[in-house]
Amino acid sequence: QVQLVESGGGLVQAGGSLRLSCAASGTFFSINTMGWYRQAPEKQRELVATMHSGGSANYADSVKGRFTISRDNAKHTAYLQMNSLKPEDTTVYYCNFRDGSVNYWGKGTLVTVSS
């Protein structure tokens, strides 16, 4: 089992920045993928960014150039640096941890970007 603790959401003005953190604990393989998804009301959950423990990253087109994902494998923690935030980035962000074929999800953290 893997437990995920997210932090860093909040309210920011358009053009501002926030950094999300997700710390994983429990029992898991050292080779894994951590990342962030987001879900607006009545919409499907969508990928924001993921990073493999080996360092390769994947981003949604809508956040490329604005968001940066990073990891500290020793701390089992992933970070999402979000810059140039837009009102359309407003929603709940969920941390994801994929260990083999098993997905684990955090409870979500709300990001609100005011115009």
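What the table below lists for this structure:
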read-out	value
Given (1) in a strand (DSSP E or B); (2) open to solvent by less than 80 Å² (accessible area, probe 1.4 Å), index of the condition Arg19 fails	(2)
Sole exception among (1) among the β-branched types (Val, Ile, Thr); (2) exposed (fewer than 12 other Cβ atoms within 10 Å of the Cβ); (3) assigned to a strand (DSSP E or B) for Val5, by number	(2)
Filter result (open to solvent by less than 50 Å² (accessible area, probe 1.4 Å), of a type outside the set (Phe, Trp, Tyr) and either in a strand (DSSP E or B) or within 12 Å of Ser17 (Cβ to Cβ) (or both)) within region 88-115	Asp89, Thr91, Val92, Cys95, Asn96, Asp99, Thr109, Val111, Thr112, Val113, Ser114
Given (1) out of contact with any Phe, Trp or Tyr (no Cβ under 7 Å at 6 or more places or on another chain); (2) over 22 Å from Asn83 (Cα atoms), index of the condition Gly16 fails	(2)
Members of region 36-67 found to be of a type outside the set (Asp, Glu) and at positive phi, listed by number	Gly55, Gly65
Pairs, first over 15 Å from Thr50 (Cα atoms) in region 101-112, second open to solvent by less than 100 Å² (accessible area, probe 1.4 Å) and among the acidic types (Asp, Glu), C-beta under 8 Å, six or more apart	Lys107/Glu6; Gly108/Glu6; Thr109/Glu6; Val111/Asp89
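The values are calculated or read from the model by the stated rules, or taken from the named source; none is laboratory data. Given the structure is predicted, the values throughout are model-derived calculations rather than measurements. Neighbour counts run over all protein chains shown; Cβ positions are idealised from the backbone, glycine included. Note: areas computed on protein heavy atoms with side chains; ligands, DNA, RNA excluded. Shrake-Rupley method; radii C 1.70, N 1.55, O 1.52, S 1.80 Å.
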